[in-house]
1. Using protein chains only and a probe of 1.4 angstrom, how many square angstrom of His284 are accessible, to the nearest 10?
2. What number, rounded to the nearest 500 deg cm²/dmol, is the helix-based mean residue ellipticity at 222 nm of the chain, given -39500 (n - 2.57) per DSSP H run of at least four residues and division by all its residues?
3. Checking a compactness column here: for the stretch 84-238, what do you get for Rg(Cα) / (2.2 N^0.38 Å), N being the number of residues?
4. Can you list, largest first and rounded to whole Å, the semi-axes you get for the stretch 121-169 by taking the square root of 5 times each eigenvalue of its Cα gyration tensor?
5. Using a 1.4 Å probe on the protein heavy atoms, what percent of the accessible area of the chain belongs to carbon and sulfur?
6. Might you work out the accessible area of Asp148 for me, using a 1.4 Å probe with all protein chains in place, and round it to the nearest 10 Å²?
7. Can you put Glu199, Glu614, Glu251, Glu520 in order of accessible area, largest first, using a 1.4 Å probe?
8. Answer rounded, prolate or oblate for the stretch 546-655, using the Cα gyration tensor with square roots of eigenvalues a ≥ b ≥ c: rounded when a/c is under 1.5, else prolate when a/b is larger than b/c, else oblate.
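The values are calculated or read from the model by the stated rules, or taken from the named source; none is laboratory data. This structure is a prediction, so every number in the text was calculated from the model and none was measured. Note: ideal-geometry Cβ built from the backbone for every residue, glycine included; neighbour counts use all protein chains shown. Quick note on the areas: whole protein, heavy atoms, side chains included, nothing else; ligands and nucleic acids left out. Shrake-Rupley method; radii C 1.70, N 1.55, O 1.52, S 1.80 Å.
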Amino acid sequence: MDSPAQIDLPTLTDQEQQILSQASCPVSQYKDIIEAKSEKLNQLFLQQYPIELLVKGRATLIDQILATAWQAHGLNEEAQVCLVAVGGYGRGELHPKSDIDLMILIDDAGEVLKSKLGSFVTFLWDINLDVGHSVRTHDECIKLAQDDITIITNLIESRLLLGQSDLLANLQLAIDVDKMWDGHSFYQAKIKEQEQRHEKYQNTAYNLEPNLKECPGGLRDMQVIDWVAKRHLHTHRLSALINKSFLSEDEYHRLKEAVSHLWRIRWALHLETNRKEDRLLFDHQRSLAAAFGFIGDDLKRNVEHFMQGYYQSVAAIQQLNDLLLQHFEESFLYPDQSNFTEIINDRFQVHNGQLDIRDQDIFRKNPSAILEVYVVLGSREDIKGLRANTMRALQNSLDLIDDEFRYDKHNTELFMDIIASPHSMTSLLRSMKHIGVLGRYLPEFGAIIGQMQHDLFHIYTVDAHTLQLVENLRRLWLPEYKQKFPISSQTIRHLPKVELIYIAGLYHDIAKGRGGDHSELGCQDARAFCERHNLSKHDTELIVWLVRNHLLMSVTAQRKDISDPEVIWEFARIVKDQEHLDHLFILTVADINATNPTMWNSWRASLMRQLYLETKRVLRRGLDSPIEAEMLIDEHKQRALEILIERRVDICEAENVWDTIEEEYFIRSSGDEIAWNTEAILNHKSDKPLVAIKSLGGRNFSGANRIFVYTPCSDHLFAVMAATLEQLGLTILDAKINITTHNYSLDTLVVMDDNDNNNWNLDNAKIKLIQDTLIEQLESPSLYESLIQRYTPRILKIFNNAARVSLENNPEDIWSALDVIAPDRPGLLAMIGQFFMKQDVMLHKAKIATLGERVEDTFYITEKSGERIVDPNRIKQLCQQLEEKIDLFSQAN
């Protein structure tokens, strides 16, 4: 491609301007010319033409179009009006589908002028310009600007297009900083605006579907810098901040590079959607990744690489936004603030509550001070943060952090002091990441900065998730978290070296994005860290074990049958002792909450709590003394009898019911559940199916709802229940199915309400609706297939990965375990139940886990005879056919 200097941007020729300026020029000619010029700009974009010139070039083109239309409507002859560009257009920046924000400033509008202006604005819409406009007098602008920060901001960056220049000049004098919105009030209002905007996006730049303009680190953050500078320094170019010593040359170029990258993404996004769009939605991310050259076979990795570039750009803008706003605050917003300085040592001092360096070259003279500054910051609760010039000095010293620095014994001790900081340790790590220190000191951490995971389960980038996990660990010490995490909060206080779990948290996902098993690869990095920081062999092995097994407890609790003593014993065998169990439990709780807070609910909490307490019990008994099935059955029956006696239930009748039920029911059901089921069966006098529902309290299942169904066996039973409950807005989390000797099915399902993730207690009306609907469907099973089809949300449709189905037979299990990993779709569970029916497969238990856009379900099944499915051909056939069935179902929905 030719250099920019050799290519003319598309503008109106003299002849085109003459034609378009005529009152008789048809709308169609305007449209044709605008479309042709816009297409030329888009072609230049695809040819990698500098985005800054394109954005300015489109604004210039629109300037010319407006000038011709203004003249064609006779407005150039009017002396009491001017046309003003505001907003992004006022800055001379337009993307393909950006709004063209205009203000028509009038002195006195007579009927003729009003008619001309109305015709002019209508004409702009007719030629397909996305115009936003207002018509105001000088006095109206003043009144509105005095009360509205948005309006004064628009007026600050206003630009005269056409008409009487005196009108705008007089207005700009009237809104000057000495007339309204003084330095303090304007700055504070813009900061408050930014804080509110950031809060709307959870104060993180690392959202799954970020907004290019509004998210932290987005284009709006750069504009805040621009607005404050214009208001107080009367600069109209960011480069002017270099001469005023607010920005270094390097910082300016980093900021411009980051903004240019976002501009290129925004231009491409407008082309992709053919509308004004600032959200990087999942479906757009895929096409944009290809447009930016990420075209490998792995679509997921393409998107992740593209988004990593985006996150790095917003991180740069956010970093410089923080730096500049603090500089502004110190330099001209509070210049008369009394200075209070406390000397800490030869290197540091506290200046008005912020940590400052005493020598601008201190990091060059003493590189270890790069880490020492954070040790000092973490030792004092009264220090608010780092002063702007200290942040800049740190950024300019990052090259000093090399292998010699990393292996220096004094520096490794300083870093361990940071991990053990009594105050704001997570904030220290975030500041170190923000400035670049953490990624330089731990290059393996630097590699995951901005590393997204293209799914709905992981809502943060790997680095943001990691630091959120560490923060969650720290929060367990706070009194307000005791109620939500009672066992974790108590357990963490008994860890002899709490810093070990912080290190495990820092390294648990360190190898994400490298390919292969990130848990195994992460062990190598964790071990290297421990050895470099002189940790003992015991501490090193504990951290490495935690990194290797950080998913073990979550997978066991959510995908295995933890009511089975064999599952608990096998988990306990891997954990080995109470020390490993305590660390793993705390790490897992923090990890789930840092992955996606909406995924943590009372059901998952109850599973984790049950697994922890049952494993603790096994460890106390000793791994050589597993609990026998008979002992467990007796224990559960005895507890049930105590409850039934208290409730005055006939014990002989209860035992008659128990005699008809298989032993597995008593192994996998608590005494409370057995008593509830038994009493419900004895009190049921109708020929209709029994449907009982209760909200489960107690320590194991707080907040969940359990549905008990007792009805004659039928092949379609599970499919009917799954379809019906989903249609009622309920998600099945767990299912147990037991058969009696007289061919009745005892089905217990744990459900949650889709519309309320935390308060799952069903009201009486909802309970009656569930009971009536289930009974109706169970009595008329032919109706259920019509319930399977439901609307699939847009965001789920994007993820249509092939299903993976596998079947495993463990020697100690009485059932075969069928694992299904597939895209989440409404009706999927009912469809799988229908598949089991047609394949003559009996379902005994199901563990249902929805992880963002996918499900990871485990079904415990047998042949109709009750035998495990062991024939290799039968296994292969089942898995292949179910995969095909799910894939067709996913594509159709």
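1. Accessible area of His284: about 20 Å².
2. Value at 222 nm, helices only, nearest 500: -16500 deg cm²/dmol.
3. My calculation over the Cα atoms of the stretch 84-238 gives 1.14.
4. Working from the Cα gyration tensor, I get semi-axes of 22, 14, 10 Å.
5. Of the solvent-accessible surface of the chain, carbon and sulfur hold 47 percent.
6. Roughly 60 Å² of Asp148 is accessible to a 1.4 Å probe.
7. Glu199, Glu520, Glu614, Glu251
8. Working: a/c = 3.10, a/b = 1.66, b/c = 1.87.
Here the stretch 546-655 falls in the oblate category.
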